[in-house]
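Asks: This is the structure I have questions about; it appears just below.
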Amino acid sequence: MRELSLHILDIAQNSIAASASLISISIDENPAVDLLTIVISDNGSGIAPKHLNQITDPFYTSRKTREVGLGLALFSQAARRSGGELKVNSTVGRGTEVTATFRYSHIDRPPLGDLAGTLLGLIVLNPEIDIVYHHQYKAKTFALDTRVIKKELGGVAVNHRAVVSWLKGFIYEGLDDLYGGE
Amino acid sequence: MKSLEELRKLRAELEKELAARNSEGKPKIIIGMGTCGIAAGAREILQAVLQELEKRNLDVITTQTGCIGMCEQEPLLDVELPGKERITYGKVTPKDVERIIVEHVVNGNVVEDLAIARLEEGGI
């Protein structure tokens, strides 16, 4: 994967497969201490303790259809290659939290990439799932909570094309503003 | 700046529009969002689809599926018109999206040179 935003999209698919109704994505860019932290958490079915140490092994998967599972393995590899690490906490029946850290300035750290595309994709393709996004860059913050948006929309679907168009503008503008002036 | 105020106005407009429309029998576009699909460019395909639907003001359900075992053909995009077979397109590029939407979704003709599989209604 060329971008961290693609890893985020991919890891969130695990949450969807675990029947999560809420996925929280948090990004903290802190160049002052040379640290980038990405946390993806959900309220899905969780991972049994005996499988927790296997999940970054590409030859382990919970699927029955084939014998490889690359998502977490690739994300973990990207973190380790950039002087960071990947940790997974999970409680069966409660949910899972994936935390990846990166040395911010590391030459092998992939760019965050098109985060707006990732968020929009998750929201549009999974209108029944709520997404909470929190992104900190230095002292600035951009946040989005689909629960608030859906409340405003009442009976109108969050993936109606006119709403998608609004969301797209809202996210791109919010992220632009986050990096404003740089 | 996009605001929630703008969203409220949009809601009022859309509620009128939705009340007037029959919601059944919409075409469906399904995108493969497994690790293989994402790595091959599924997100960019979805963005091309959304842009095309917006441009042509088309009412289509967009949804996702996981890895279906045809990783080497990703990105995969399926089109299912009401009452018709589900057609799978493989190695789709953002440029192909416009053609698939115009020829298949709008005009009902399968784009034969891009199609790699077909499933009877209710299959999988």
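The values are calculated or read from the model by the stated rules, or taken from the named source; none is laboratory data. Since we're looking at a predicted model, the values are computed, not measured. Virtual Cβ from ideal backbone geometry, glycine too; neighbours counted across all protein chains shown. All accessible areas refer to the heavy atoms of the entire protein, side chains included, with ligands and DNA or RNA removed. Shrake-Rupley method; radii C 1.70, N 1.55, O 1.52, S 1.80 Å.
Asks: For the range A:4-178, what D do you get in µm² per second when you plug the Kirkwood radius from alpha-carbon pairs into Stokes-Einstein at 25 °C and 0.890 mPa s?
Replies: Estimated diffusion coefficient is 146 µm²/s.
Asks: While we're here: Just for the protein assembly as shown, what percent of DSSP beta bridges are antiparallel, to the closest 5?
Replies: 75 percent
Asks: Give the average, rounded to an integer, of partner chain Cβ atoms located within 10 angstrom of each Cβ in A:79-91.
Replies: What the average comes to for A:79-91 is 0.
Asks: What FRET efficiency do you get for residue B:3 and residue A:139 if R0 is 22 Å and r is their Cβ-Cβ distance, rounded to the nearest 0.05?
Replies: After rounding, the FRET efficiency stands at 0.45.
Asks: What does DSSP give for the range B:23-119 in terms of the percent of beta bridges that are antiparallel, rounded to the nearest 5?
Replies: Here the share of antiparallel DSSP bridges comes out near 70 percent.
Asks: Would you kindly enumerate the cysteines in chain B that have no other Cys beta-carbon under 4.7 Å from their beta-carbon?
Replies: Within chain B, the cysteines lacking a partner Cβ under 4.7 Å are B:67.
Asks: Based on the alpha-carbon gyration tensor of the range A:110-160 and its eigenvalue square roots a ≥ b ≥ c, which shape applies: rounded if a/c is under 1.5, prolate if not and a/b is larger than b/c, or oblate?
Replies: Oblate, since a/c reaches 1.5 and b/c is not below a/b.
Asks: Of the heavy-atom accessible surface of the protein assembly as shown (probe 1.4 angstrom), what whole percent is carbon and sulfur?
Replies: C and S atoms contribute 51 percent here.
Asks: Given +1 on the Cβ of Lys and Arg, -1 on the Cβ of Asp and Glu, and no further charges, what dipole in debye does the range A:4-178 carry about its Cα centre, rounded to the nearest 20?
Replies: With only Lys, Arg, Asp and Glu charged at Cβ, the dipole is about 380 debye.
Asks: When all C-alpha to C-alpha distances in the range A:1-75 are sorted into bins of 10 Å, what percent of pairs does each bin hold, rounded to whole numbers?
Replies: For the range A:1-75, the pair-distance distribution reads 17, 46, 29, 7, 1.
Asks: Can I ask one more? Kirkwood Rh, the range A:36-85, all Cα pairs: how many Å?
Replies: 12.2 Å
Asks: Per-residue mean of other chain beta-carbon atoms within 10 angstrom of the beta-carbon, peptide B:5-18?
Replies: Going residue by residue through B:5-18 and averaging, the value is 4.
Asks: Return the FRET efficiency for the residue pair residue A:85, residue A:147: r is the Cβ-Cβ distance, R0 is 30 Å, and the value is rounded to the nearest 0.05.
Replies: It comes to 0.45.
Asks: For chain A, set up a Gaussian network in which alpha carbons nearer than 10 Å are linked by springs, and say which option among A:22, A:122, A:70 fluctuates the most.
Replies: Among A:22, A:122, A:70, the largest GNM mean-square fluctuation belongs to A:70.
Asks: Given Cα positions, please report Rg to Rh for the range B:1-110, the hydrodynamic radius being the Kirkwood one.
Replies: 1.03
Asks: Let me ask something additional. Just grab the label-to-label distance for residue B:91 and residue B:111, each label 7 Å out from Cα along the Cβ direction, in nm (one decimal).
Replies: 1.4 nm
Asks: Other chains near B:31-38: what is the mean number of their Cβ atoms within 10 Å of each residue's Cβ?
Replies: 6
Asks: Given the options B:77, B:50, B:18, state which has the largest fluctuation in a GNM of chain B using a 10 Å cut-off (strictly under) for Cα springs.
Replies: Residue with maximal mean-square fluctuation among B:77, B:50, B:18: B:18.
Asks: If one computes the Cα centroid of the range A:1-44 and of the range B:40-58, what distance in Å separates the two points?
Replies: That distance is 23 Å.
Asks: Here's a follow-up. Taking springs between alpha-carbon atoms closer than 10 angstrom, which of B:28, B:84, B:16 fluctuates most in the Gaussian network model of chain B?
Replies: B:16
Asks: Which shape class, rounded, prolate or oblate, goes with the range A:36-136 when its Cα gyration tensor gives a ≥ b ≥ c as root eigenvalues, a/c under 1.5 marks rounded, and past that a/b bigger than b/c marks prolate?
Replies: oblate
Asks: Here are some pairs, A:150/B:9; A:140/B:9; B:55/B:95; A:151/B:28; which of them have Cα atoms lying more than 19 Å apart in this structure?
Replies: Table pairs above 19 Å Cα-Cα are A:140/B:9; A:151/B:28.
Asks: Report residue A:104's accessible area, 1.4 Å probe, all protein chains in place, as a number in Å² to the nearest 10.
Replies: 50 Å²
Asks: For the range B:29-87, what is the largest minus smallest coordinate of the Cα atoms on each principal axis, given in angstrom and ordered from greatest to least?
Replies: Per principal axis, max minus min of the Cα coordinates gives 31, 26, 14 Å.
Asks: Name the residues of the range A:5-19 whose accessible area, probed at 1.4 Å, falls by at least 20 Å² once all protein chains are in place instead of their chain on its own?
Replies: SASA drop of 20 Å² or more in the range A:5-19: A:6, A:9, A:10, A:13.
Asks: Starting with the highest mean, order A:36-46, B:33-43 by the number of other Cβ atoms within 10 Å, averaged over the residues of each peptide.
Replies: B:33-43, A:36-46
Asks: At residue B:28 and residue B:118, where each label point lies 7 Å from the Cα along Cα→Cβ, what is the point-to-point distance in nanometres?
Replies: 1.8 nm
Asks: Taking 25 °C and 0.890 mPa s as the conditions, I'd like the Stokes-Einstein D for the protein assembly as shown in µm²/s, using the Kirkwood hydrodynamic radius from alpha carbon pairs.
Replies: D = 120 µm²/s.
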